[in-house]
1. Sequence gap at least 6, Cα distance under 8 Å: using those rules, report the relative contact order of the stretch 47-700 to the nearest whole percent.
2. Quote the convex hull volume per residue of the stretch 403-558, based on C-alpha atoms, as a whole number of Å³.
3. Sorted from fewest to most neighbouring beta carbons within 10 Å, what does the list Trp676, Trp562 look like?
4. So what's the gap between the Cα centers of the stretch 666-701 and the stretch 240-309, to the nearest angstrom?
5. R0 = 51 Å: FRET efficiency of Lys270 with Tyr413, Cβ-based, nearest 0.05?
6. How long are the semi-axes of the equivalent ellipsoid of the stretch 585-692, taking √(5λ) for every eigenvalue λ of the Cα gyration tensor, in whole Å from largest down?
7. Radius of gyration and Dmax for the stretch 103-146's Cα atoms, expressed in Å?
8. What residues qualify as long-range amide H neighbours of Gly460, i.e. H under 5 Å apart, gap of 5 or more or another chain, H built at 1.01 Å from N?
Amino acid sequence: MTYQSPLAIAIKISLFSLAATLSPAIFAEEDIKILPTIIIETYDEGKIAQKSDLGVLGEKSLIDTPFSILTYTQKGIKDQQASTVAEVLKNDPSIRATTNSGHMMENLTIRGFDVNHDEIALNGQYGMQPFGNTPTDLLESVTVIKGPNALVSGMSPTGGVGGKVIANTKRATEELTEVSASIEKGGYYKSGFDAARRFGEDQQFGIRTSAYYGTGEHVVDGMDDTNVSGIIALDYTTDKFKLNFDAFSIKQDRQGGSPAMISLAAYANKTVPSAPEGDTNYLPYLFGHIKSNYVGLNGEYKFTPDFKVYAGVGYAEKSHSGQMFGTRVNYRNGIYSINYYDQPQSEIAVTANTGVEGIFNTGAIQHTVGLRADYLTQNTFQYQTTGSSSTLILDDFYTPNTTYAKTTSPQTYRYDDNKFVSYALTDQMSVFQDKLQVILGARYQDMDIKNHLSNTTYSGDHVSPSVAVVLKPFDDNFSVYSSYVEGLTQGSTVGNTYANYGTVLDPYKTKQYELGAKYQQGSWLNTLAFYQIEKAASLEEVRNGLTYLTQNGQQRSRGVEWIFTGNLTDDLSVLGSLAYIDAEYTKHATLEGNTVLGIPDFTAGLTLTYDLPFVEGLSVNTHATYVAEQYLDQTNTIKLPDYTVVDLGAKYETKLGGVGTILRLGVDNVANKKYWAGVFGNNYATIGEGRTYTAGVTFNF
């Protein structure tokens, strides 16, 4: 008998499920039993959810959450026509992309600190997300918690502390038979289906399955992508017992190019030149391949309305190959050049969690006590030496060198075996009908890191405490809050250039203090947050003529964020956001007092949506983004200019032949503005995407 992986089986189930779910819709529409839609309170006309799942803290409403948090619903994702998680978050002023739009590796900063592509938490669990980027075709919603938060999430496997991004996969919450298609500028075409049914006498069984195929040129001239994804979600749900099974498989192939980052090192203490065209292809022979597979099972049982237990397991396989690294134009000794790399890697990750939650009273105080354990192992195989191309010389960064440069594909070796175990204990206390809420919690985190290529090991542990207070002084629509949370990054092993060579430094702690207020009334939501984040960093110290590497350095980020949304009139709605960030190195051997690169001190976004009263179902929208100046280098000698980009869109909801139909059209960067979008790393700028068009249609049977 031929062996088949769990993911292959899952995809086959998905195809059978499609036949089972579409057949009644097409051939026996009158026999369909419609399950009432689950109503979820939302903001911004259904695009922002009112509640979010916060792991050990359970499901909490936005007004009761003592952190800065937003959950973007599937409706908002579809209306935005966002294809990846990074695109969902691109309009948030506190979030900056550190790779180009359309790059296979999507990395971010939140509040001035890194959150990379491998730190997306799938259904709240690290290590299970697809490699490189997370397609929205798999997702029901995206939640972002800003700032470090070890209590909710535990330690990220790669140490990002800017925040937590949770990608929530699809569920069969309502009857659905949907077919969609879209096309982008350049000819990239995508189509697929999304179907859901519930069965059983009490509708206790649910199935949702979807699959998508996209292929064609987009983003930069000559770059062709072929993307295939399939997902299935099964559930059994009663008032006491929930059981969910999820599986997906993704394949992404790229040929003929990649967005590139440009070194502007030649412009220290000078005005930087204008940016190239957003669709310039510097790497016309580059290719890349990504495969990501996942299966997961989780369940919950309520012994009583006030006591429940839950558990979950997950398994992921990921691999990538090709020339996805070195996608940048370098500048050294007066010469612009390109070297790209083939760096293959594969990974197997296993995760598990279990916990209990109980609600009880002590006098007038209601307690919700939670205890949770999380486990993650990651086994990685990767290159020992990079397969580098020959050097391509450019006359300048406006003129690509289209000469073919071959790379070798290096052999992969067993690289590292990492294990992360943590235990969290929380007590959520409330009095006066939830008018005063206090959260006390702590998470013990233990990590064991083993690198086989360098033959080094690392072990460390730490307890991260958290405390938060929420006060509703008037009614349930207004709250003020204060919170203290911590994040954790694994300590480094000191290299042989220092006097304390071989020393394993303790885990780096990040501390966040936040004070905020939230107000909701009718269609309106306002959130205001003031915060300070302090992150320990490496610092070289000289003692008795010898240089030691310590963790006594510090990077600090202070900021203010304001997000508001609501209806200005019956037909006109607004979503606005502003962020001020002061990010600097407060303790550093050479950079003390400097602003952290890639962090503009002010960013803002404004979206207006207008429902045309004279055409039922037709709405138009516009979004404007402003980004202030930002430093490109750590020494603060190169500064990128500020910019404003405007997008336009339209949506028309109607029925064609009795079938619910939604037409969407979006034009990003409508003025085709050339601009430097942000910072990839020291001296390297990302190019802003040029004018792009996306048109889509969705049929809901």
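1. The value is 11 percent.
2. 240
3. Listing Trp676, Trp562 from fewest to most nearby Cβ atoms yields Trp562, Trp676.
4. Taking the Cα centre of each part, the stretch 666-701 and the stretch 240-309 sit 16 Å apart.
5. The calculated FRET efficiency here is 0.70.
6. Taking √(5λ) for each eigenvalue gives 42, 13, 11 Å, largest first.
7. 10.4, 28
8. Here the answer is Met447, since their amide H atoms fall under 5 Å of that of Gly460.
Each value in this text was obtained by applying a stated rule to the coordinates, not by laboratory testing. Computed from a predicted model, the values in this text were never measured in an experiment. Note that we place each Cβ from the backbone using ideal geometry, even for glycine, and neighbour counts take in every protein chain shown.
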